[in-house]
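Beneath this line is the structure, given in structure tokens, with notes to follow.
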Amino acid sequence: MSLSPVIEAAGLTKAYGTTVAVQAIRFTVRQGEIFGFLGPNGAGKTTTMKMITCVSPRTSGTLRVLGHDPATAPAAIKARLGVVPQETNLDPDFTCHGNLVTYARYFDIPQDAAEKKADELLAFVQLQDKRDVAIDKLSGGMKRRLILARALVNDPDLLILDEPTIGLDPQARHLIWERLRLLQAQGKTVVLTTHYLDEAARLCDRLVIMDNGSILVEGSPAELVKRFVGEEIVEVERNDEVLSCLEKAGIVFEITGDMVQVVTGSARDVARTLFENCRPRKMLTRPATLEDVFLKLAGRALKE
Amino acid sequence: MIRTALQFPRVTRRAWNVWHRNLIVFVRTWKVNFFPPFIEAFLYLSAIGLGIGAYVGSIEGIPYITYIAPAILAISVMNSAFFECTYGSYVRMYYQKSFDAMIATPLSIEDVIFGELLWGATRSVMYVAIMLPVLAAFNVISLPASLLAIPLAFLGGMMFAAIGMCFTAITPGLETLNYPAYLFITPMTLFSGTFFPLTLLPPVFGYIAVIFLPLTHLVAVMRMSTLPAFSLSILLNLAWMAIITIVLCIVSINLMKRRLIV
Ligand SMILES: Nc1ncnc2c1ncn2[C@@H]1O[C@H](COP(=O)(O)OP(=O)(O)O)[C@@H](O)[C@H]1O
Ligand SMILES: [Mg+2]
């Protein structure tokens, strides 16, 4: 296995007419990692995935996927790619098993091998009971799992998943996370998009945060939290007494709605100071998360 | 604009994988698919052939039912391919998102659309293959010359598949596909030398039919085969259809590319 990057993008830009959906982004995905694109709706995540999966041509910049350029060698790239699209597009004319076999045919996989692989994959995503069931009889979570299975029919080196767990219940999300880790352990590289911060934090080795078509930051979840927020956060209910008390104690804080946030290296010390001097009514301490990074970088105001 | 519409698409043999998908779905419902051609042949022959034919007697020395038999074949070729590649393809493209799923695999959009066109033509061939025995049973076609109807069904099928696909590529929605169906297909069914010779009408109808109505040429070659009564004009008919088919296959693929690749 070579250690050359699996995906390399520089100045990657996509414009739909006058809308610039992705603006000069640069990132590198390494062999064997789970790499995340985190960002709100409209950030440009799907557009980026579509360029990587050779479905949408880029407007400018350079892009190499698995050593090839999507503009010139799409079939060679797509043969080694597993794609979970944002929009569910299973074939309603086939059963679960039929969907996998039909999809395998698009990769020129022989019928016998395809049928065997389809059964294996149904077991992998725990859908063996639904083998001969029509697509419209599946729940949302089952459909997402089946799409994951479909993305694996060609035993891909690189998996691209666009919002793989969107709209799923906790059990279904956990199953998908667990399966993705298993796939990573098998040596596959995984790229996923999500707007769930906890998902990104749990799953990704490295990630980028996107907003408005640009990449704001890149790093591992822990690194980003440390770099942009700090270690721990104390939240206190906002009232005049607390505010003046914090100012007197010289503690830097931020007002977020009806709460006041203090970022600190030691939540214990801040909490003690507050308890002793300010008599707060409600207070909690917690570790800083990606959510804090995100809100800090992208701002708290609701977009759109 | 015209240059891109006529750019030669890079189609690979993977297009057959798309064709194969449609075949499997079709075969699974073969009972539903088998009877329409059977019954249609029956209805046309009895109602128009025997019913109206009783009054008409013969046209150009040919019994009326024998005169319309090849037209029934040609109309079926047109309808199967045209409707498969308009309503059928549109549903697969827009509602089922099948094309989106396919182009995430090594299939290109060119492969997908060409596979759909091949499938449309295959529907025509199957329709004709089922109708031929019925026509033979009515003793209104002569064998073995009429077997030529099968390769002709493929050519005509590709032609009408490509015509249909051009409309599919530009239609804003499923309902607007009714326009070409009513304004183009229906008049063509009547004015292409199908149920009466064009020479009965003022000459301008004949010119329009020969220049603009693809069905005219398909009816002509089908009729030469089933009677059989070949003349050299078959070469003109075949050339006209071949050129239109090639050009429209290319144009339809490029229009679809423009629609789907953003
Ligand atoms: N086909 C398209 N035509 C025009 N604009 C588009 C198209 N697809 C996406 N966009 C726009 O590009 C931006 C990024 O969209 P998208 O990549 O889907 O974001 P995300 O997946 O992060 O939610 C949005 O403003 C969206 O409206
Ligand atoms: Mg998206």
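The values are calculated or read from the model by the stated rules, or taken from the named source; none is laboratory data. Please read these numbers as outputs of a predicted model, since none were measured by experiment. Cβ: placed from backbone, ideal geometry, glycine included. Neighbour counts: every protein chain shown. Quick note on the areas: whole protein, heavy atoms, side chains included, nothing else; ligands and nucleic acids left out. Shrake-Rupley method; radii C 1.70, N 1.55, O 1.52, S 1.80 Å.
List of remarks:
- Top of B:Ala161, B:Ala220, B:Ala229 by mean-square fluctuation, Gaussian network on chain B, Cα under 10 Å: B:Ala229
- Of B:Leu236, B:Leu190, the order by accessible heavy-atom surface (1.4 Å probe, DNA, RNA and ligands excluded), from most exposed downward, is B:Leu236, B:Leu190.
- Nearest 10 degrees, 0 to 90: helix B:203-212 Cα axis against chain B principal axis: 30 degrees
- Each listed q (0.15, 0.18 Å⁻¹) maps to a log10 I(q)/I(0) for region A:231-287, found by the Debye formula over equal Cα scatterers with no solvent: -0.32, -0.48.
- The heavy atoms of A:Asp129 offer some 140 square angstrom of accessible surface to a 1.4 angstrom probe.
- Mean ellipticity per residue at 222 nm, deg cm²/dmol - from DSSP H runs of n ≥ 4 across the protein assembly as shown, formula -39500 (n - 2.57): -15500 deg cm²/dmol
- Sequence-distant lysines (8 or more away, or on other chains) whose Cα lies within less than 24 Å of A:Lys130: A:Lys116, A:Lys117, A:Lys143, B:Lys97
- Note on B:Ser108: accessible area approximately 30 square angstrom, rounded to 10, probe 1.4 Å, nucleic acids and ligands left out.
- For chain A, built as a Gaussian network whose Cα springs stay under 10 Å, the top-fluctuating residue of A:Lys50, A:Lys282, A:Lys188: A:Lys282
- Computed from Cα atoms, the angle from the helix A:170-185 axis to the main principal axis of chain A rounds to 70 degrees.
- Net dipole in debye of chain B [+1 Lys, Arg Cβ; -1 Asp, Glu Cβ; about Cα centre; nearest 20]: 680 debye
- Additional length obtainable on full extension of the chain from B:Glu175 to B:Leu235, 0.36 nm per residue less Cα span: 17.8 nm
- Taking every residue in B:102-115 and counting other chain Cβ atoms within 10 Å of its Cβ, the average works out to 5.
- Here the convex hull built on the C-alpha positions of region B:2-257 has a volume of 135 cubic angstrom per residue.
- Modelled FRET efficiency - R0 51 Å, A:Ser139 with B:Ala5, Cβ distances, 0.05 increments: 0.70
- Three-way shape call for region B:1-55 based on the alpha-carbon gyration tensor, with the a/c threshold at 1.5: oblate
- Diffusion constant of chain A at 10 °C, which comes from Stokes-Einstein with the Kirkwood Cα-pair radius and 1.306 mPa s, µm²/s: 74 µm²/s
- DSSP beta bridges in the protein assembly as shown [antiparallel fraction, %, rounded to 5]: 65 percent
- Straight-line cross-link partners of A:Lys226 among the lysines, defined as a Cα under 28 Å from its Cα and at least 8 positions apart when in the same chain: A:Lys45, A:Lys248, A:Lys282, A:Lys296, A:Lys303.
- Think of each Lys and Arg Cβ as +1 and each Asp and Glu Cβ as -1; about the Cα centre, that makes the dipole of the protein assembly as shown roughly 700 debye.
- With all pairs of separate Cα atoms included, region B:1-111 yields a Kirkwood hydrodynamic radius of 17.5 Å.
- The C-alpha atoms of chain B define a longest principal axis, and helix B:30-44 lies at about 30 degrees to it.
- Amide H to amide H, with H built 1.01 Å from N, A:Gln86 comes under 5 Å of A:Asp162, counting only residues 5 or more places away or on other chains.
- Protein-only accessible surface at a 1.4 angstrom probe places the residues A:Thr88, B:Thr216 in the order A:Thr88, B:Thr216, largest first.
- Surface share of carbon and sulfur [accessible, 1.4 angstrom probe, percent] for the protein assembly as shown: 61 percent
- Residues A:Arg181 and A:Arg272, FRET efficiency given R0 of 25 Å [Cβ-Cβ distance, rounded to 0.05]: 0.05
- If you wrap region A:177-304 in the convex hull of its Cα atoms and look at it from every side, the mean projected area works out to 9.5 nm².
- Shape class of region B:188-262 from the Cα gyration tensor (axes a ≥ b ≥ c, square roots of the eigenvalues): prolate, since a/c reaches 1.5 or more and a/b is larger than b/c.
- Residue by residue along A:108-117, Cβ atoms of other protein chains within 10 Å of the local Cβ number 1 on average.
- Total accessible area lost when B and A pair, probe 1.4 Å, Å² to nearest 100: 2100 Å²
- Over 16 Å [Cα-Cα, region A:36-78], rounded percent: 36 percent
- Per-residue accessible area (protein heavy atoms, 1.4 Å probe) orders B:Tyr207, A:Tyr196, B:Tyr64 as B:Tyr207, A:Tyr196, B:Tyr64, starting from the largest.
- Residue-wise HN-Hα coupling along region B:115-122, computed from phi with Karplus coefficients 6.51, -1.76, 1.60 (Hz; x: Gly, Pro): x, 5, 5, 4, 5, x, 5, 5
- Per residue value of the accessible surface for chain A (all protein chains in place, 1.4 Å probe), Å²: 46 Å²
- Region B:140-197: C-alpha gyration tensor shape, a/c 1.5 cut-off, then a/b vs b/c: oblate
- If you wrap the tightest convex hull around every Cα atom of the protein assembly as shown and split its volume per residue, you get 192 Å³.
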